[in-house]
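Undergrad: My structure is below; once you've seen it, I'll send some questions.
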Amino acid sequence: MQISVVIPTHNRYEFLKRALASVLSQTYQPSEIIVIDDGSTDNTSHIKQDFPSIKYFYQKNGGVSSARNLGIKKASYEWIAFLDSDDEWHPTKLKEQVLFHKQNQDILMSYTDERWVRDAKEVKIPKKFKKYSGEVFDKCLSYCIIAPSASIIHKDLFSKVGLFDESLEVCEDYDLWLRIALEHQIGLVDKKLITKYAGHNDQLSFKHWGMDRFRVISLEKLLFSIQKETVKKVLVQKYELLLKGAIKYDRIVDKLFYEKKLIDLKGMIMVKKVKKCLFPAAGYGTRFLPATKAIPKEMLPILTKPLLQYGVSEAVEADINLMAIVTGRGKRSIEDHFDTSFELEHQIKGTSKEELLGELKTLKNSCTFSYTRQTEMKGLGHAILTGEVLIGNAPFAVVLADDLCDNEGDDGVLKQMIKLYDKYQCSVVAVEEVPKEETQKYGVIAGDFIADDLIRVNDMVEKPKPEDAPSNLAIIGRYILTPDIFEILRHTPPGRGGEIQITDALLKQAEIGKVIAYKFKGKRFDCGSVDGFVEATNYFYNKEK
């Protein structure tokens, strides 16, 4: 059993030496020791000189979750044991856990009991931190009973549930243990095999008051999981405690916040439905020049309907009633198309041609259209971020109109995806298999299949060369996105071609297990290419004959 040890550290040079010494004194030696220096300004950079056998990596200060995640990515072996730099392992720690996993090969995570030392004195551990083994989800809800330094985890678990949540300043370990325990057993080696040292000023728990403020964030993620009823009960308890504290210390804003949280929760939290669809429509459509010099590519017709109208119809079929369209210069005809044309309608009223506008009128009466302009062409991610003013804090669909989809006689692609969103409450991307040599045209995903047509995404690359592509599963122009994507996009640097890529932002969600890919049912036509446009025209012509 080969083990990578990952030790995140920040300005703890002296503690780090003690931690490393405890690893090197193990009776079962790990295969590698990785130290992630999270922006230290003390002598931590000298640690390689003190311990030449370690692997040392430096990163700008990003927090303990970021450091652990980097360690996971750098690890060469399938088992990962974490050690916080202010903690210490007892000599037989790894040996005991290796023995446990050899005897319990179906369990992919274990942890040990621990000693607590404060100010050089051992302290009694409160009963609420009692350790459990097996299906421990309900035992992990109230407090964090598992110390990272006590844990050893198989890499497969990170592929299934995601990495540490880097948005959490504290309680990031509690968050990950909950996601693991939700569907997996966790083993316990019931021996005190680590020592946790407390009382020093740089402990994160000293810097942040009210750990439950962070725990409720993790619990809220699980409100629609298989354990939702248990989660709700614990959330009510924690909200009530936080409300009591806000009243006691006269924190008015916190009081109002937790009062609302309790009202929402006790009233059986309503799932936010996908009711808005964003259409990025500011691109130049250069592959169709000269036709697109004066006509938006989204208004090019397949038979008698423009591409964008097909997308709107698909959204309406999925019970979406607000169409948010991001346009650009020279795109006024899009607004005109979904508006009333008094002169034309008056001219054809009472004639056989009036019925030709019947479907468009039905669409206009079924939904509301809103528009904003993208003033710079900086990629799909930037276009989606531009649409935030139209979407707000709500889950939403994204349709790229030049990806024309049809699932004759059955649910459209968006309707299929919204059903999955309602079940999983996370971002959903539509994918299809493409020839390996065409991966450089698409964003490409990789991950673990959770059903025949569903993949929990753990990797995503924008337009990779065929030899670099993680799979041949390409993202097409259909997305369901959760609103936190906007904040992620705001902090996403330009990627390939100097553009802000939606794949880069989605990868951040995927790192915590919040993106699934769906191999949709139906046909898709790439109407951004002349060949695909002609193919779609022939398909719909034959369909409507």
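The values are calculated or read from the model by the stated rules, or taken from the named source; none is laboratory data. These figures come from a predicted structure and were not determined experimentally. When we count neighbours, we look across all protein chains shown, and the Cβ atoms used for this are built from the backbone with ideal geometry, even at glycine.
Undergrad: Among the residues of region 502-519, what is the count of those that are at pLDDT 90 or above and either buried (at least 23 other Cβ atoms within 10 Å of the Cβ) or in contact with a helix residue (DSSP H, G or I) (Cβ under 9 Å, 6 or more places away or on another chain) (or both)?
TA: So the answer is 9.
Undergrad: Could you tell me whether region 127-135 includes any residue that is of a type in the set (F, W, Y) and either part of a helix (DSSP H, G or I) or over 28 Å from K508 (Cβ atoms) (or both)? Outline the logic, then answer.
TA: Pass one, region 127-135, residues of a type in the set (F, W, Y): 129, 132.
Subset that is either part of a helix (DSSP H, G or I) or over 28 Å from K508 (Cβ atoms) (or both): 129, 132.
So far as region 127-135 goes, yes, one or more of its residues are of a type in the set (F, W, Y) and either part of a helix (DSSP H, G or I) or over 28 Å from K508 (Cβ atoms) (or both).
Undergrad: A further question follows. Run A120 past the list (1) surrounded by 15 or more Cβ atoms within 10 Å (Cβ to Cβ); (2) among the small types (G, A, S); (3) modelled with pLDDT under 95 and report the number of the one that doesn't hold.
TA: (1)
Undergrad: Exactly one of (1) at pLDDT 95 or above; (2) outside any helix (DSSP H, G or I) is unmet by I180. Its number?
TA: So the condition that I180 fails would be (2).
Undergrad: Further question: Scan G381, G330, G392 and give me the residue that is buried (at least 22 other Cβ atoms within 10 Å of the Cβ) and in contact (Cβ under 8 Å) with a residue 24 or more places away in the chain. Explain how you work it out, then say what you get.
TA: Values: G330 fails: buried (at least 22 other Cβ atoms within 10 Å of the Cβ); G392 fails: buried (at least 22 other Cβ atoms within 10 Å of the Cβ).
Of G381, G330, G392, the one residue that is buried (at least 22 other Cβ atoms within 10 Å of the Cβ) and in contact (Cβ under 8 Å) with a residue 24 or more places away in the chain is G381.
Undergrad: Please list, ordered by first then second residue, the pairs with beta carbon atoms under 6 Å, 6 or more apart or interchain, first in region 103-127 and assigned by TED's automatic domain parsing to the domain that holds V161, second part of a strand (DSSP E or B) and hydroxyl-bearing (S, T, Y).
TA: Matching pairs, first to second residue: R115/T195; V117/T195; V117/Y197.
Undergrad: For S352, are the conditions met, namely being modelled with pLDDT of 80 or more, assigned by TED's automatic domain parsing to the domain that holds A318 and either closer than 26 Å to G477 by Cβ or not hydrophobic (A, V, I, L, M, F, W, C) (or both)? Spell out how you get there, then give the answer.
TA: Numbers: modelled with pLDDT of 80 or more: no; assigned by TED's automatic domain parsing to the domain that holds A318: yes; either closer than 26 Å to G477 by Cβ or not hydrophobic (A, V, I, L, M, F, W, C) (or both): yes.
Judged against the criteria, S352 is not a match.
Undergrad: Conditions: (1) aliphatic (A, V, I, L, M); (2) modelled with pLDDT under 90; (3) surrounded by fewer than 22 Cβ atoms within 10 Å (Cβ to Cβ). L454 meets all but one. Number of the miss?
TA: Only one criterion in (1) aliphatic (A, V, I, L, M); (2) modelled with pLDDT under 90; (3) surrounded by fewer than 22 Cβ atoms within 10 Å (Cβ to Cβ) is unmet by L454, namely (2).
Undergrad: May I ask you to verify whether I146 is closer than 13 Å to A181 by Cα, in contact with a strand residue (DSSP E or B) (Cβ under 6 Å, 6 or more places away or on another chain) and aliphatic (A, V, I, L, M)?
TA: On the way: closer than 13 Å to A181 by Cα: yes; in contact with a strand residue (DSSP E or B) (Cβ under 6 Å, 6 or more places away or on another chain): yes; aliphatic (A, V, I, L, M): yes.
When the stated conditions are applied, I146 passes them.
Undergrad: Turning to a different aspect of this structure: List every residue pair whose Cβ atoms sit under 6 Å apart, with the two residues 6 or more apart in sequence or on different chains, where the first one lies in region 139-153 and is over 16 Å from Y197 (Cα atoms) and the second, anywhere, is in a loop (DSSP other than H, G, I, E, B) and aromatic (F, W, Y).
TA: Taking only residues 6 or more apart or on different chains, the pairs are K139/Y132.
Undergrad: Could you check how many residues of region 414-428 are out of contact with any helix residue (DSSP H, G or I) (no Cβ under 7 Å at 6 or more places or on another chain) and not in a loop (DSSP other than H, G, I, E, B)? Before the answer, list the steps.
TA: The first filter runs over region 414-428 and keeps only residues out of contact with any helix residue (DSSP H, G or I) (no Cβ under 7 Å at 6 or more places or on another chain), leaving 416-426.
The next check asks that each one be not in a loop (DSSP other than H, G, I, E, B); those that pass are 416-424.
Going through region 414-428 one residue at a time, the tally reaches 9.
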